[in-house]
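Structure record follows, encoded as structure tokens.
The values are calculated or read from the model by the stated rules, or taken from the named source; none is laboratory data. It should be emphasised that the depicted structure is a prediction, and the values quoted were computed from it without experimental measurement. Note that we place each Cβ from the backbone using ideal geometry, even for glycine, and neighbour counts take in every protein chain shown.
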Amino acid sequence: MSGPVSFGGEKAVIDRSLKGLYPILSMPFDAKGRIDEEDLRRETEFAISAGVHGVGIAMASEVFKLSEAERDLALRTVVAQTRGRVKVVMHSSAPGTNLAIKYSRRAEKLGADAVMVTPPTALPMPPTQVVEYFQELSDAITIPIFVQDIGSAPVPPHVVAEIARTAENACYAKVETPPTPPRVAEATRLGGDAVIVFGGAGGRALIGELRNGSVGTMPGCAIPEVFHKVWDLYHEGKVADAEALLTRNMPMLDMYKESLDVSYHLTKEVLRLRRVFKSTYVRHPTIPPGKAAIERVQRLVEELGLAVI
């Protein structure tokens, strides 16, 4: 189902068909902290080979640590590597409306299929201003917008629904404020046909989110083939098998939930072990996890039989 939005006096059809597994890519850097384009292409292909439906460049990609030129480089690289085989979502949040519009227009120009946006956090705004922020952004672009609801910038389900009613192409919601399953259910109930809900928060509650109305998930990119298998099993009606597979991998997923910063290091270590990344460099500021956490994730890769795809 698609809906028209006004742009420049014309009507554009917004793609409302996005669904499935959209892992957020980890951003590879070389030893000097520069984007490693080769590894970024390899990671994109790694995800596609795992059967994903789309990929994203967002918070798990350290996008807020990238310059505008680096944002462009990363997006160009991913779009070129996908060659239209899967969708690409680009994070385009900013503290101010004008800057968010600039980032979003740039993402659209460089080939992103959708953008993902959190409300401003530098100067917290009441719901009416949040709705207006998304309305102005919606009026400026023709691709879909994911309204990202996270703990540091929550967007309650009733506000998600109001945004979708006001800004027609802000029709997707990524729900990550815990606990996610009931929040997915509420966003689905209040938003009706206007809101298409994805889950997030590392994919730990994927099955509960699906049961409550989500049509997709945006986890990290360390084990995309596992999430793809869980997705397939669930939609084949083999829910118990899907739950068992997700539970088997939960020790790995639980390691990432300590903090977003820790998840950067551990995800890159898994990708290094799986011969996707050459380096595990995380841009400063960062506090690396201890030796015990690195050794545990190394053991889990072996115990779970995670191989090169």
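The numbered conditions (1) within 18 Å of Asp15 (Cβ to Cβ); (2) of a type outside the set (Ser, Thr, Tyr); (3) touching a His at 6+ places or on another chain (Cβ under 9 Å) are all true for Ala58 except (1). Consider Gly202 carefully, then state whether it is surrounded by 22 or more Cβ atoms within 10 Å (Cβ to Cβ), in a helix (DSSP H, G or I) and on the phi > 0 side of the Ramachandran plot. In short, yes.
Return the pairs, sorted by first residue and then second, in which the second residue is surrounded by 13 or more Cβ atoms within 10 Å (Cβ to Cβ) and acidic (Asp, Glu), the first residue lies in region 72-87 and is under 19 Å from Gly51 (Cβ atoms), the beta carbons are less than 6 Å apart, and the residues are 6+ apart or on different chains. Correct list of pairs: Lys87/Asp113. No other residue among Glu269, Glu303, Glu209 is among the charged types (D, E, K, R) and touching a strand residue (DSSP E or B) at 6+ places or on another chain (Cβ under 6 Å) apart from Glu209. Selection of strands (runs of 3 or more DSSP E) fully inside region 100-188 by the criterion of at least 2 residues being among the hydroxyl-bearing types (Ser, Thr, Tyr) and touching a strand residue (DSSP E or B) at 6+ places or on another chain (Cβ under 9 Å) returns nothing. In region 252-278, the qualifying residues are those that are in a helix (DSSP H, G or I) and of a type in the set (Ser, Thr, Tyr), and the one that is farthest from Glu45 (Cα to Cα) is Tyr256.
Criterion first (over 18 Å from the mean Cα position of the chain (by Cα) and crowded, with 24+ Cβ neighbours inside 10 Å) does Leu137 satisfy it? Taking the combined requirement at face value, the residue satisfies it. Exactly one residue out of Glu243, Glu269 is among the charged types (D, E, K, R) and either buried (at least 17 other Cβ atoms within 10 Å of the Cβ) or closer than 30 Å to Asp30 by Cβ (or both): that is Glu269. Scanning region 84-126 for residues that are among the aliphatic types (A, V, I, L, M), over 20 Å from Cys171 (Cα atoms) and at pLDDT 95 or above yields Leu99, Leu110.
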